[in-house]
Amino acid sequence: MYEDLKDATGIVAGFPIYFGAVSGQGKILLDRLYPMVGNQFQPRFPGKKVVTVFAQANPDSKLFADAMESTHNFFKLCGWEILENLLIYGDVVPGFTLSQELLEMAYEAGKRLV
Ligand SMILES: Cc1cc2nc3c(=O)[nH]c(=O)nc-3n(C[C@H](O)[C@H](O)[C@H](O)COP(=O)(O)O)c2cc1C
């Protein structure tokens, strides 16, 4: 992960919401960002661009805003810019299709990443 992160200019990170918070695997990724900052919390590899993707079953798109904000704060601590936050929410069952609006947001975010 560190080799990939060190060389990356853009990062896309996905986080399912489990029991009101990012999943355990997502939290491990965030915890392991610790070496991205130095002793005084100064960013060691600043300037990267980040797109986050969250998924939740609940239809209230604002319900887990705190979890998203705290996740973004980890990336910001690393000196990285959040370009876009893509939220998939509601009835995420098999056969579920993403809205045209979200697809366009993802496409535009992808263009800004490269
Ligand atoms: C253990 C578990 C807990 C979940 N908790 C929530 C929750 O608190 N709120 C919610 O809206 N969705 C919750 N969900 C639904 C997931 O966020 C949603 O299905 C998401 O698309 C799962 O992504 P995944 O397929 O990558 O695991 C939960 C799903 C699982 C498996």
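Can you pull out the trypsin sites (Lys or Arg not before Pro) in the range 1-71 whose DSSP state is coil and whose Cβ has at most 15 other Cβ atoms within 10 Å?
Numbers: sites: LYS6, LYS27, ARG32, ARG44, LYS48, LYS49, LYS62; in loops: ARG32, ARG44, LYS48, LYS62.
Here the trypsin sites (Lys or Arg not before Pro) that fit, given the DSSP loop and packing criteria, are ARG32, ARG44, LYS62.
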Problem set entry | Among GLU69, GLU101, GLU84: highest mean-square fluctuation, GNM of the chain, C-alpha pairs under 10 Å | GLU101
For this session: Neighbouring Cβ atoms within 10 Å as the yardstick, rank SER99, SER23 fewest first.
Result: SER99, SER23
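Would you kindly give the portion of the calculated P(r) for the chain that falls above 19 Å, as a percent of all Cα pairs? Walk me through the numbers before you get to the answer.
On the way: 3092 of 6441 pairs.
Percent of Cα pairs beyond 19 Å in the chain: 48.
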Exercise. To the nearest 20 debye, what is the magnitude of the charge dipole of the chain about its Cα centre, counting +1 on the Cβ of each Lys and Arg and -1 on the Cβ of each Asp and Glu?
Worked result: 400
Exercise. Which listed residue (THR52, ASN85, MET36) has the Cα farthest towards the positive end of the charge dipole for the range 2-113, taking +1 on Lys and Arg C-beta and -1 on Asp and Glu C-beta about the Cα centre?
Worked result: MET36
Exercise. How many nm separate the modelled label positions at ASN58 and PHE19, each set 7 Å beyond the Cα in the direction of the Cβ?
Worked result: 1.5
Exercise. Using a Gaussian network for the chain with springs between C-alpha atoms less than 10 Å apart, which of these wobbles most: THR71, THR97, THR52?
Worked result: THR97
Exercise. Angle, helix 65-77 long axis vs. longest principal axis of the chain, Cα atoms, 0 to 90°, nearest 10?
Worked result: 20
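Give me the net charge for the shell around LEU33: Cβ to Cβ below 13 angstrom, other residues only, Lys and Arg +1, Asp and Glu -1. Write out the running numbers ahead of the final one.
Values: positive: LYS6, LYS27, ARG32, ARG44, LYS48, LYS76; negative: ASP4, ASP31.
Neighbour charge sum, excluding LEU33 itself: +4.
Each reported figure results from applying straightforward, stated rules to the coordinates on display, with no laboratory input. Only a predicted model underlies this, so the values are computations on that prediction, with no experimental measurement involved. Backbone-built Cβ (ideal geometry, glycine too); neighbour counts: all protein chains shown.
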